[in-house]
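Undergrad: One structure, as structure tokens, below. Some questions next.
The values are calculated or read from the model by the stated rules, or taken from the named source; none is laboratory data. Worth saying up front: this structure is predicted, and the values here are computed from it rather than measured. In this analysis, Cβ positions are derived from the backbone assuming ideal geometry, glycine residues included, and neighbour counts consider all displayed protein chains. Areas reflect the complete protein model, heavy atoms only, side chains present, ligands, DNA and RNA absent. Shrake-Rupley method; radii C 1.70, N 1.55, O 1.52, S 1.80 Å.
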Amino acid sequence: MEEKRIRVYLCEDSLEGILSAVHAAYHSRYGHHFIRIQEGSYVEQDLFSDYIQVVTDYAKADSVARSVRQKISLQAWESIMKASLHYRSGKGQDIYRFLNYGYQMGGNVINFIGEEHIQRVMFDRKTVTREFERMMGFTRFAELRDGSLFARIGPKCNLVPLLAGHFADRFPEERWTIYDENRRLLAYHIPNMGWNLMRGDLSKYLPDEAFSEEQENMEQYWKTFFETIAIEARKNPRHQQQMLPKYYRKYFSKSGDKSFD
């Protein structure tokens, strides 16, 4: 095998960013064994590799997405789509190698978990799916004074795209916003016009006065109710932690109230 310098494609930490790097890698014809894909804003570079910055190209990313669905399988597409939302560094390379095998093996690639890259992609998919299913129940919307709905979240994985699709189907006639404070990423939905993603610090645009009086009253009623019905002798912190982990409790009110603790 010809010895070459390793070529590292640096890309944005997003599904579109990773797929843009995959597109660039395949069209380079440099050789899969000499290519690495690294997502994220920081990479520790070495003297024995060449680094290429890839600009996210939605048209090229969409081309790769269509290719995966048509030439491998819909399950393979769902696997890499969800794996790209994991918080783990290095997922870009695993997705790239997953696709290398997928184009050779077809849809059976998802069962070839003896290969480490495929194994990690499938594990990441499972982790993201598990947290997404939990967040569908734990996401809480508050009413703003303009009548729209707002939810503040902070999941470990990047769940905003999945949650946006879910709530667009559930609340198609509502104006709502879901904000991930960890990634400064928000999805906003307009009735009959779908939803979009954007980045930014929402805190300076959403003061406490933005919430409706009805929302304020509802939270106060809930706090009073919770404190009134609580029976000291029947408290079961372990069971409560299993049903509602503390990590998610601060998002159950607009202010991050800890009444559940």
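Undergrad: Calculate the radius of gyration of the Cα atoms of region 130-169 to one decimal place, then report Dmax, the largest Cα-Cα distance, as a whole number, both in Å.
TA: Final numbers for Rg and Dmax: 10.7, 34 Å.
Undergrad: For region 29-131, run through the chymotrypsin sites (Phe, Trp or Tyr not before Pro) and keep only the ones in DSSP coil with at most 16 other Cβ atoms within 10 Å of their Cβ.
TA: TYR42, PHE48, TYR87, PHE112
Undergrad: Okay, moving on. Go ahead and run the numbers for FRET between TYR42 and LYS156, Cβ-Cβ distance against an R0 of 22 Å, rounding to 0.05.
TA: According to the calculation, E is roughly 0.70.
Undergrad: Relative to the compact globular guide of 2.2 N^0.38 Å, what is the alpha carbon radius of gyration of region 73-113, as a ratio?
TA: Output field value: 1.09.
Undergrad: Here is a further query. Once the Cα gyration tensor of region 1-151 is diagonalised, what are the square roots of 5 times its eigenvalues, in whole Å and ordered largest first, as equivalent ellipsoid semi-axes?
TA: That gives 30, 19, 15 Å for the three semi-axes.
Undergrad: Something else now. Just the accessible area per residue of region 1-135, please: how many Å² with a 1.4 Å probe?
TA: 54 Å²
Undergrad: On to the next question. Compute the normalised compactness of region 1-86: alpha-carbon radius of gyration over 2.2 N^0.38 Å, N being the residue count.
TA: After normalising by residue count via 2.2 N^0.38 Å, the value is 1.12.
Undergrad: Per residue, how much space in cubic angstrom lies within the convex hull of the C-alpha atoms of region 11-61?
TA: Taking the convex hull of the Cα positions in region 11-61, it is 70 Å³ per residue.
Undergrad: Given labels modelled 7 Å from the Cα in the Cβ direction, how far is it in nm from TYR87 to ILE6?
TA: The two pseudo-label positions are separated by 2.6 nm.
Undergrad: Now, a different point. Report, in cubic angstrom per residue, the convex hull volume of the C-alpha atoms of region 153-192.
TA: Taking the convex hull of the Cα positions in region 153-192, it is 56 Å³ per residue.
Undergrad: With the alpha-carbon atoms as the only input, what is the per residue convex hull volume for region 72-170 in Å³?
TA: 103 Å³
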